[in-house]
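Novice: Quick one: the structure is below, and I'll ask about it shortly.
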Amino acid sequence: MRCLVLQHIACEPPGAYEDALRERRATIDRVELDEGGPLPDWRRYDLIVAMGGPMSVNDDADLPWLANEKATVRAAVEAGVPYFGVCLGAQLLAASLGARVYRGPVPEVGVLSVSLTDEGRADAVLSSLPDTFATLQWHGDTFDLPDGAVLLARSSAYPNQAFRVGSA
């Protein structure tokens, strides 16, 4: 399996996700987009993993590479390439599929509880987690779900924490 990791800042690498992929003998190409790393052709990959970052998906005017990244995510997901987005990566998925990404009511920062929905408890990726679990949160943006998305997890402050749409 060949995996493309989209990284948005040096201090937010794929970490444990990369460990899990290497255990499964994945070949990993990591691109740090905020440093000007070129976005490779997504058609060469079996999986795309998009990590977090301090920027907003709405920062296209200041970060012109974001528009190209969103177009790439949309094309890959529509073609059925599996995609896993973490934090900003989830927001990129929502935005690339036409959902609104916007400032949340309050920043969500710290190790906080997230709860699975019924669909999350049945999800192939999340079903091994407890119904409620602690996770590191560090964001101020939230998103609406794109058309056809299934909500998998929520928190008290941010109702849309995790979702699935197609193979993403």
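Novice: Restricting to helices (runs of 4 or more DSSP H) lying wholly in region 1-110: which have 3 or more residues that are closer than 25 Å to residue 161 by Cα, hydrophobic (A, V, I, L, M, F, W, C) and within 14 Å of the chain's Cα centre (by Cα)?
Specialist: Values: elements: 15-23, 65-78, 88-96.
Result: 65-78, 88-96.
Novice: A further question on this structure: Just the residues that are closer than 14 Å to residue 91 by Cα and open to solvent by less than 70 Å² (accessible area, probe 1.4 Å), please, taken from region 125-152.
Specialist: 137, 139, 140, 141, 142, 143, 144, 145, 146, 149, 151
Novice: Within region 44-65, work out how many residues are more than 25 Å from residue 151 (Cβ to Cβ) and either open to solvent by less than 30 Å² (accessible area, probe 1.4 Å) or in contact (Cβ under 8 Å) with a residue 24 or more places away in the chain (or both).
Specialist: 6
Novice: Does at least one position in region 155-165 carry a residue that is assigned to a strand (DSSP E or B), open to solvent by 60 Å² or more (accessible area, probe 1.4 Å) and charged (D, E, K, R)?
Specialist: Yes.
Novice: All but one of (1) of a type in the set (Ser, Thr, Tyr); (2) in contact with a Lys or Arg (Cβ under 7 Å, 6 or more places away or on another chain); (3) over 17 Å from residue 168 (Cβ atoms) hold for residue 56; which doesn't?
Specialist: (2)
Novice: Still on this model: So which residues in region 11-25 are buried (at least 16 other Cβ atoms within 10 Å of the Cβ) and within 21 Å of residue 1 (Cβ to Cβ), if there are any at all?
Specialist: 14, 17, 18, 21
Novice: Among the residues of region 135-150, is there at least one that is hydroxyl-bearing (Ser, Thr, Tyr), under 28 Å from residue 28 (Cα atoms) and in contact with a helix residue (DSSP H, G or I) (Cβ under 8 Å, 6 or more places away or on another chain)?
Specialist: Checked against the condition, which is being hydroxyl-bearing (Ser, Thr, Tyr), under 28 Å from residue 28 (Cα atoms) and in contact with a helix residue (DSSP H, G or I) (Cβ under 8 Å, 6 or more places away or on another chain), region 135-150 yields no hits at all.
Novice: For region 149-156, state whether one or more residues are among the polar types (S, T, N, Q) and either out of contact with any Phe, Trp or Tyr (no Cβ under 8 Å at 6 or more places or on another chain) or under 25 Å from residue 59 (Cα atoms) (or both).
Specialist: Yes, there is a match, as at least one residue in region 149-156 is among the polar types (S, T, N, Q) and either out of contact with any Phe, Trp or Tyr (no Cβ under 8 Å at 6 or more places or on another chain) or under 25 Å from residue 59 (Cα atoms) (or both).
The values are calculated or read from the model by the stated rules, or taken from the named source; none is laboratory data. Just so we're clear, the structure is a prediction, and the values are computed from it rather than from any experiment. Cβ: placed from backbone, ideal geometry, glycine included. Neighbour counts: every protein chain shown. Quick note on the areas: whole protein, heavy atoms, side chains included, nothing else; ligands and nucleic acids left out. Shrake-Rupley method; radii C 1.70, N 1.55, O 1.52, S 1.80 Å.
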